[in-house]
Amino acid sequence: MPSTSPYCGRFAPTPSGPLHFGSLIAALASYLDARSHQGRWLVRIEDIDTPRAVAGADFIILEQLKHHELHWDGDIIYQSQRLERYQQVLQQLESQQLTYRCACTRKQIKSLGPYYTGVCRNKSVTTEPAAIRFRNDDPILQFIDGWQGTVTLEPAFAAEDFVLFRRDGLFTYQLTVVIDDIDQGITHIVRGEDLLTATSWQLNLWRCLAQQTPQFIHVPLVRDTHGRKLSKQNHAPALTVTDAKDQLLAALRFLGLTPTTKLSLTQLIEEAVQQWQAKYFHATNPQDTI
Ligand code: GLU
């Protein structure tokens, strides 16, 4: 029977390589939260950063999800196929005077301090190439996270005029993730803690583009023995098909659940949905802090 729950969650991997244990945690947490709310769970391939995308990685990621019994609803969206839509929204923000052009190089920005200081705000930059920045006049300094509680941002960071369109001609993750989440009707964004601070900027865009904001839930990151986030850059090993059950068991334990070892993969997921619901039933109402 189709779901009647308003809940819609998603997993949005960047196809820069196969999933590793850290990305399994994000996928699994978002899946469990969606299913424990009888919600939909979508998968979106975030291949907007074309230099980072690796050919064929999307296929491997989707296979890895299936091998871990994480089955999604509906069609997969690819960001690389939505450029017109991103352009349209960027123009909308421009027409609302919420953007400006900036021709600063990375080096110039760095020489002025850790955050972009808004030096191009009141210039009319006509040179190319230029980035397009968000005029962040009303920064979000605090929000409620479903896992972390009240999150307070460093004001200088939260108020940065972040980039929507890069000097090298690419739409940014910050812009595209918000447009896609809005267009796909996402109500709950469950992902890793590394994206906690970016949420302030994203919420700001949500406020400009949507009626309601989603609930954010940032789960803890898996770290290596040096305390670094497990990532492709840090050579985290890819998930393997043959170890799917052990990987799933370890991921469930990492998320604070107590899986029954002798169950099959399908049964483990069913059990985990029940446990997640009992342990972490997050509020279904979108947050009301803005
Ligand atoms: N594509 C991002 C990543 O792979 C995740 C984006 C998100 O969940 O908002 O890190």
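A few points about this structure:
- Within region 166-179, the set of residues being surrounded by fewer than 23 Cβ atoms within 10 Å (Cβ to Cβ) and more than 9 Å from the ligand (Cβ to nearest atom) comprises 166, 167, 168, 169, 170, 172, 174, 179.
Yes/no matrix, rows are residues, columns are (1) among the aromatic types (Phe, Trp, Tyr); (2) under 22 Å from residue 37 (Cα atoms):
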site	(1), (2)
147	yes, yes
157	yes, no
165	yes, no
179	no, no
182	no, yes
186	no, yes
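- Condition check for residue 220: within 16 Å of the ligand (Cβ to nearest atom) and open to solvent by less than 20 Å² (accessible area, probe 1.4 Å): no
- Among residues of region 48-67 that are closer than 27 Å to residue 168 by Cβ and in contact (Cβ under 8 Å) with a residue 12 or more places away in the chain, those with a Cβ under 6 angstrom from a residue that is polar (S, T, N, Q) and part of a loop (DSSP other than H, G, I, E, B), sequence gap 6+ or separate chain, pair up as 52/16; 54/16.
- Of residues in region 231-288 being under 26 Å from residue 15 (Cβ atoms) and among the polar types (S, T, N, Q), the one modelled with the highest pLDDT: 247
- Take the conditions (1) at positive phi; (2) open to solvent by less than 10 Å² (accessible area, probe 1.4 Å); residue 256 misses just one of them, which is (2).
The values are calculated or read from the model by the stated rules, or taken from the named source; none is laboratory data. No experiment lies behind these values; they were computed from the predicted model shown. Cβ coordinates were reconstructed from backbone atoms using ideal geometry, including for glycine residues, and neighbour counts include every protein chain displayed. Ligands, DNA and RNA are stripped out before the accessible areas are found, and what is left, the full protein with its side chains, is counted by its heavy atoms. Shrake-Rupley method; radii C 1.70, N 1.55, O 1.52, S 1.80 Å.
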